[in-house]
Amino acid sequence: MTAVLENKKVLMKGNYAIANAAVIAGCQCYFGYPITPQSEIGEFMSGKMQELGRGYVSAESELAAINMTLGACSTGVKAMSSSSSCAVALMQEAISYASADELPVVLVSVMRGGPGLGNIYPSQGDYTQATRGGGNGDYRTIVLAPSTVQECADFTYKAFYLAHKYKNPTILLADGLLGQMMEPVEFKPYPYPEIDNSSWELSGAKGREARIIRSYAPLEDPQCEFLDRLFAKYKTIEENETEWEEIGADDADVLFVSFGSTARNVKTAAKLLRQKGIKAGILRPITLFPFPSKRIYELSKSVKKVIVVEVNMGQMLEDVKLAVNGNCPVEFINRGVGAPPSPEEIVQKAEVLL
């Protein structure tokens with residue numbers, strides 16, 4: 001599939017929706033290496049980027065792909081890579097460098113089962129990898145978590161915008177289910193203003209002083225000052241970009257917290273519980289970093305219980321417990337890998353917990 005579809009509503013796989021949206025957003029360079037369940041992104045880009053005269057490289061490894069992306073971003077262009085789980089693990093050093101260099105790298109991570117090589121079944125086991133990072137030092141990446149194919153497209157637009165607005169690596173964190181499922185999706189024009197990168201990009205020093213982008217800082221005090229400034233930026237991102245979806249939470253006795261594709265089943269479960277007379281609400285984090293801790297804290301003061309639902313062994317659970325801060329009990333419903341718990345299973349387990 002190589003057609004760019006704009007201002008049209010079509011039935012499309014999540015991976016193709018991400019790739020199509022990246023092209024519409026103005027992605028000028030794509031570097032990738034195939035791995036299930038995200039290989040269709042590279043497949044799409046291999047045709048369309050070359051057709052449009054943009055940069056495309058099927059790299060020799062994931063390490064090469066992410067470092068090529070870093071290099072392209074240093075020139076101020078919109079550049080992207082995509083991969084999955086065990087391969088994204090190989091990219092963590094470069095993500096640390098991109099954070100230190102304040103480069104607008106966009107990385108699509110379509111999660112599969114782990115740890116190690118694991119399997120190709122859907123998973124949410126890379127929440128910690130995305131929100132905390134496996135690279136060295138103190139840094140954070142912006143993380144967006146879609147739950148529909150439409151959001152796969154919409155959040156791809158937003159990932160490019162936020163990455164360039166804040167000069168910060170930004171991760172679109174989907175899973176194998178979203179990457180492979182087909183749903184109607186409408187591609188509207190890129191809705192965000194273009195960011196002027198002329199003050200820092202490496203675009204040739206003719207007519208101006210030379211610039212250098214590097215993370216090496218040999219002296220202690222300047223590095224401390226840099227880290228203070230970096231975390232002041234993260235605070236600004238938290239104040240301005242934290243986003244979540246909330247349904248029936250204001251009068252809820254029990255609050256579900258779930259992200260990504262799993263939240264779809266949780267929404268249905270909350271409706272079924274309401275039909276049984278149990279006031280259930282849901283908060284779905286859209287930004288996993290910044291995490292909607294303040295809103296969860298506020299709601300935890302009025303509900304009797306918070307229930308976290310994830311397809312992993314309890315990764316977002318830790319952030320929710322920190323946000324609740326002891327205001328009420330926090331329970332957990334999960335599946336380690338594969339399809340998320342069904343609405344009926346969630347209802348049954350929630351009734352026991354309640």
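The values are calculated or read from the model by the stated rules, or taken from the named source; none is laboratory data. Everything numeric here is computed off the predicted structure, so don't read it as measured data. Positions of Cβ are backbone-derived with ideal geometry, glycine not excepted, and every protein chain shown enters the neighbour counts. Remember, those area values only see protein heavy atoms, side chains included, never the ligands or the DNA or RNA. Shrake-Rupley method; radii C 1.70, N 1.55, O 1.52, S 1.80 Å.
Laid out as a table, the results:
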item	result
Scan of region 149-167 for residues that are farther than 12 Å from VAL110 by Cα and within 13 Å of the chain's Cα centre (by Cα), ordered by number	GLU151, ALA153, ASP154, PHE155, THR156, TYR157, LYS158, ALA159, PHE160, LEU162, ALA163
Members of region 146-191 found to be open to solvent by 50 Å² or more (accessible area, probe 1.4 Å) and more than 26 Å from ARG264 (Cβ to Cβ), listed by number	LYS165, LYS167, PRO189
Out of LYS279, LYS349, sole residue that is of a type in the set (D, E, K, R), open to solvent by 10 Å² or more (accessible area, probe 1.4 Å) and without any contact (Cβ under 8 Å) to a residue 24 or more places away in the chain	LYS349
Number of the exception - LEU162 against (1) closer than 15 Å to GLU241 by Cα; (2) in contact with a Ser or Thr (Cβ under 6 Å, 6 or more places away or on another chain); (3) assigned to a loop (DSSP other than H, G, I, E, B)	(3)
Residue list for region 169-192, restricted to those being in contact with a Phe, Trp or Tyr (Cβ under 8 Å, 6 or more places away or on another chain) and not in a strand (DSSP E or B)	GLY176, TYR190, PRO191, TYR192
Condition check for THR131: closer than 23 Å to GLY76 by Cα, among the polar types (S, T, N, Q) and surrounded by 18 or more Cβ atoms within 10 Å (Cβ to Cβ)	no
When residues of region 291-306 are limited to those that are outside any helix (DSSP H, G or I) and open to solvent by less than 10 Å² (accessible area, probe 1.4 Å), the one farthest from MET182 (Cα to Cα)	VAL306
Which numbered condition LEU288 fails, given (1) open to solvent by 40 Å² or more (accessible area, probe 1.4 Å); (2) not in a loop (DSSP other than H, G, I, E, B)	(1)
Restricting region 99-120 to residues that are of a type outside the set (A, V, I, L, M, F, W, C) and closer than 15 Å to ALA87 by Cα, the residue that is most open to solvent (accessible area, probe 1.4 Å)	PRO115
Residues located in region 244-283, provided they are more than 23 Å from PRO122 (Cβ to Cβ), under 26 Å from the mean Cα position of the chain (by Cα) and either assigned to a helix (DSSP H, G or I) or among the charged types (D, E, K, R) (or both)	GLU246
Region 159-171 residues that are over 13 Å from THR131 (Cα atoms), paired with ones that are open to solvent by 10 Å² or more (accessible area, probe 1.4 Å) and not in a strand (DSSP E or B) (beta carbon under 6 Å, 6 or more apart)	PHE160/LYS78; TYR161/TYR192; HIS164/ILE195; LYS165/ILE195; LYS167/GLU102
Residue list for region 20-48, restricted to those being free of Cβ contacts under 8 Å to residues at least 40 places away in the same chain and surrounded by 22 or more Cβ atoms within 10 Å (Cβ to Cβ)	VAL23, MET45
Scan of region 49-94 for residues that are of a type in the set (S, T, N, Q) and either crowded, with 23+ Cβ neighbours inside 10 Å or touching a helix residue (DSSP H, G or I) at 6+ places or on another chain (Cβ under 8 Å) (or both), ordered by number	SER58, ASN67, THR69, SER74, SER81, SER82, SER83, SER84, SER85, GLN92
Criterion: on the phi > 0 side of the Ramachandran plot and touching a residue at least 24 places away in the same chain (Cβ under 8 Å) - qualifying residue of SER74, SER85, SER81, SER58	SER85
Residues of region 202-251 satisfying the condition of being β-branched (Val, Ile, Thr) and open to solvent by 90 Å² or more (accessible area, probe 1.4 Å)	ILE212
